[in-house]
Each structure stands twice: as C-alpha cells, then as structure tokens.
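Asker: One structure, as structure tokens, below. Some questions next.
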Amino acid sequence: MSSGAALHVVTSDTITDSRKRLGHAMIWGSAAVLGLVALAQLGQTLGWWDAGFTTWRPTLYAYCLWATALCWAQVILRGEQGKRTLFVLPAALFVISLTVFPLLFGLIIAFSSWNLASPDGRQFNGIANLVQMWNDPFYWNAMTNMVWYTLAIVVEYAIAFGLALLLNSQIRARKFFRVAFLLPLMLSPVAVSWMIGKSMLEARFGPIARLARWLGWENPSFFGSPEVAKITIMLMDAWTFIPFMMIMLLAGLQAIPKELTEASRVDGATGWRSFWEVTFPLMLPVSITAILIRIIFKLKLADIVINVTSGGPGGATDTVTSFIFREYRDRSNVGYGTMLAMVYLVLIVIFMTALMKLAARWTRPRT
C-alpha cells in the first residue's frame with residue numbers, strides 16, 4: 001500500500017501528569033464558578049440575600065463557561081478519544097440547558113405565590129399550592145375527565161384496526177379510501193375545532209344541527225348537556241387521530257408474511273379464528289406502540305376543548321391541560337398553574353412508565 005493511501009490509525013496519547021492536573025483544574029474550577037453563581041442567584045431569588053443579579057443571565061454565562069471547559073478538558077485528558085467525545089458532548093450539554101434549567105426554574109415557580117395581577121410579584125409560599133391543588137374540586141374533575149378520555153382510546157383502536165383491515169383487503173378504490181381516511185390527520189386540531197365545533201355543530205345555523213332538527217331533535221345542542229358535550233369532544237378528537245393509529249396498524253398488517261395467513265387457511269382457520277389466532281398476536285407489538293403513542297397525544301388534549309367549550313358546561317369537558325391553561329390566561333395565577341403542570345408531569349411519567357413495563361411483559365416471547 002502506498003503512503004498516500006495509508007489509513008489514519010488512532011493511537012493512544014501519552015497524557016502527562018501536568019496535563020491531567022490542568023484538565024481536572026479546568027473542570028472543577030469552572031464547576032465551582034457555576035455552583036457559586038447559581039447559589040448566589042438562588043439565594044437572591046428566595047430572598048436570602050442580595051447578590052446584585054437582576055436576571056439569571058450570570059448563571060447562563062457560568063454554565064457556558066463550564067460547558068466549554070468540560071469539552072476542552074476532554075481533549076486534554078483523553079487526547080484522540082476526547083475528540084470523539086466532542087461529537088456528542090456539546091449537543092448533550094445544549095439539550096440539558098433547554099430541559100434541566102427550565103425544569104428547575106419551573107420548580108421554583110411552583111412553590112411560589114405569583115399572580116401577575118398582584119403588585120407584590122413572586123413570593124415563596126412553600127407547599128401552599130399543593131394544599132390548594134388537593135382541595136381544588138375543578139382540578140380533580142379535570143383528572144376524572146382525563147380518565148374517560150383515555151378509556152375512549154379502546155374504542156378508537158377498535159375502529160382504527162377495522163379500517164386498517166378493510167384497507168388491507170382487496171376492495172375497489174383502495175388507494176382513494178387510504179387518502180380519504182388520512183385527510184383528518186392532515187388538519188390541525190385547532191382547524192378541526194373551528195371547522196366542526198364552531199361551524200358545523202353550531203346550534204342555530206350549523207348544517208349538522210339543521211340535519212338533527214330535520215330528523216326530529218327540536219333543540220339540537222351538542223355542547224349544552226354535559227354528557228353530550230363530552231361525547232362530542234371525544235368524537236372530534238377521535239376523528240382527528242384515528243387515521244394516525246390506522247396508518248400504523250395498516251403498515252403492520254402489510255408486514256405480515258402472506259404465507260402465514262395462507263398456512264392458517266390450509267389448517268382450517270378462517271374468518272374470526274384466523275384473525276384472533278394469527279393476525280392479532282402478530283400485530284400485538286404494533287398495536288401496543290400505536291396505543292401508547294395515542295395515549296401520549298390524548299394526555300395533552302387541550303386545543304379542541306379550549307377553542308370549542310373552554311371546559312364547559314360546568315367543567316364537563318375540561319382536561320388537565322385546558323384547566324392549567326385557564327389558570328394562566330384567565331386568572332394569571334402563574335405559581336399555582338406551574339404546580340399543577342409539575343404534578344401532572346410526574347403523574348404522566350409514572351403512568352407511562354408503568355404502561356411500558358406492562359407492554360414489555362405482554363410482548364415478551366413465551367417459551
């Protein structure tokens with residue numbers, strides 16, 4: 001092999017003791033600066049002392065100094081291996097700055113009394129927001145509604161699976177129906193709420209209300225009764241996201257080898273038995289994935305509720321997210337709203353972790 005075509009071989013660097021001391025000094029020195037600045041800023045925020053900081057910008061500068069020193073120290077301490085780390089480390093530090101810091105700042109706000117209409121500004125109030133949340137019937141009503149909204153996913157899954165089976169079979173105009181069923185997914189929930197909730201379902205002049213009146217419903221009101229309003233919101237949300245589950249299930253059906261279904265027919269398994277013993281077990285991983293993703297979307301349901309009913313009538317259609325939104329917008333209660341959001345985040349993490357563990361157990365191969 002010629003010298004020009006020789007490959008570059010990474011060899012281990014000789015790291016001297018003085019070089020190691022320099023690298024460690026850069027890391028721990030910059031970390032100490034970051035810790036002192038953050039502590040000074042936190043003390044001023046809690047009212048313990050006056051550090052002279054008007055914003056959190058000094059902490060941001062200290063974090064940038066620490067991140068730069070950490071990246072530089074990797075090259076000093078590890079040589080060529082440290083340069084490889086720089087392909088990932090800066091991006092990881094940037095993600096931390098966009099997630100961890102806002103989360104910590106949100107925790108500080110959550111344990112504070114901060115109403116934008118109050119001239120006193122933000123005041124630390126301990127667990128007062130937690131006590132208020134525990135005694136807030138409207139918040140627990142929104143949590144109860146979320147249980148019903150989440151249980152509706154079972155019906156959505158059944159409909160989506162039926163549509164996927166239909167579109168996977170040999171029917172006329174199959175390509176047309178695939179595109180037609182995907183159209184709701186292309187619309188934003190805000191557009192759906194105005195197009196259907198505010199226009200087509202309008203009690204006086206909406207075409208669906210006129211049709212209901214022509215069929216014998218004297219005073220059609222899709223959002224006047226708590227039960228009807230909740231079902232209407234569920235239907236609008238389902239119409240938007242059932243195509244999402246359908247397309248995932250359709251992709252899973254098309255990935256099943258045809259030899260398996262043909263072999264089941266040879267063995268005498270046709271119709272429902274073939275579906276229950278062959279198709280459904282093979283589709284279980286795809287089904288669980290589609291349901292989990294749908295639950296994530298459902299848990300943050302807010303836009304349709306906010307635009308159509310604002311949680312009414314009497315909180316019947318309220319979700320936790322829409323309730324938190326109104327705490328910010330209507331009541332300007334930043335501290336209490338942030339506490340509700342933090343608690344809801346913890347509940348979502350626990351709930352989704354438990355579901356994923358159950359899903360892993362269900363999809364585990366049995367021997």
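The values are calculated or read from the model by the stated rules, or taken from the named source; none is laboratory data. This is a predicted model, so every value here is computed, not measured. Cβ coordinates were reconstructed from backbone atoms using ideal geometry, including for glycine residues, and neighbour counts include every protein chain displayed. Accessible surface is based on the protein model in full, side chains and every heavy atom, while ligands, DNA and RNA are left aside. Shrake-Rupley method; radii C 1.70, N 1.55, O 1.52, S 1.80 Å.
Asker: Averaged per residue, what accessible surface does segment 223-263 expose to a 1.4 Å probe, in Å²?
Answerer: Values: 1920 Å² over 41 residues.
That works out to 47 Å² per residue.
Asker: Counting only other residues whose beta carbon sits under 12 Å from that of L166, what net charge do I get with K and R as +1, D and E as -1?
Answerer: Details: positive: R172, R174, R178; negative: none.
Once all neighbours under 12 Å are counted, the net charge is +3.
Asker: Right, next: When the dipole is taken about the Cα centre of the chain, and only Lys, Arg (+1) and Asp, Glu (-1) are charged at their Cβ, what size is it in debye, to the nearest 20?
Answerer: Working: 30 positive and 19 negative charges, 162 e Å.
About 780 debye.
Asker: While we're looking at this one, here's another question. How many Å² of accessible area per residue for segment 96-190, probe 1.4 Å? It would help to have the intermediate numbers written out before the result.
Answerer: Numbers: 5960 Å² over 95 residues.
Here the residues of segment 96-190 average 63 Å² of exposed surface.
Asker: Something else about it: Just to be sure I understand the curve: with the Debye formula and one point per C-alpha of the chain, what is log10 I(q)/I(0) at q = 0.07, 0.09, 0.11 Å⁻¹?
Answerer: -0.55, -0.82, -1.02
Asker: So what's the gap between the Cα centers of segment 139-157 and segment 296-347, to the nearest angstrom?
Answerer: 14 Å
Asker: GNM, the chain, Cα, under 10 Å: largest mean-square fluctuation among N125, N219, N115?
Answerer: Greatest mean-square fluctuation among the candidates belongs to N219.
Asker: Something else about it: Leaving out same-chain residues fewer than 8 places away, which aspartates and glutamates sit with a Cα under 14 Å from that of K83?
Answerer: Within the straight-line cut-off, K83 pairs with D13.
Asker: To continue, here is another question. Only Lys, Arg, Asp and Glu count, each charged at its Cβ (+1, +1, -1, -1), so figure out the dipole size of segment 196-347 about its Cα centre, rounded to 20 debye. Present the calculation step by step, with values, prior to reporting the outcome.
Answerer: Details: 14 positive and 12 negative charges, 72 e Å.
Approximately 340 debye in magnitude.
Asker: Further, regarding this structure: Can you tell me which of 81-90, 325-334 comes out highest on packing, and rank the rest after it, using the mean Cβ neighbours within 10 Å? Before the final figure, lay out the partial values.
Answerer: Details: 81-90: 13.3, 325-334: 16.2.
With the highest mean Cβ count within 10 Å placed first, the list reads 325-334, 81-90.
Asker: Suppose every K and R has +1 on its Cβ and every D and E has -1 on its Cβ; what is the size of the dipole of segment 1-146 about the Cα centre, in Debye to the nearest 20? Don't skip to the end; give the middle numbers.
Answerer: On the way: 8 positive and 6 negative charges, 98 e Å.
Using Cβ point charges on Lys, Arg, Asp and Glu, segment 1-146 gives about 480 debye.
Asker: Could you work out the helix-only [θ] at 222 nm for the chain, with each DSSP H run of four or more residues adding -39,500 (n - 2.57) and the total divided by the number of residues, to the nearest 500 deg cm²/dmol?
Answerer: Rounded to the nearest 500, it is -22500 deg cm²/dmol.
Asker: At 1.4 Å probe size, with the rest of the protein present, what percent of the exposed accessible area of the chain is carbon and sulfur atoms? Display every interim value, and only then the final one.
Answerer: Values: 15240 of 22120 Å².
C and S fraction of accessible area: 69 percent.
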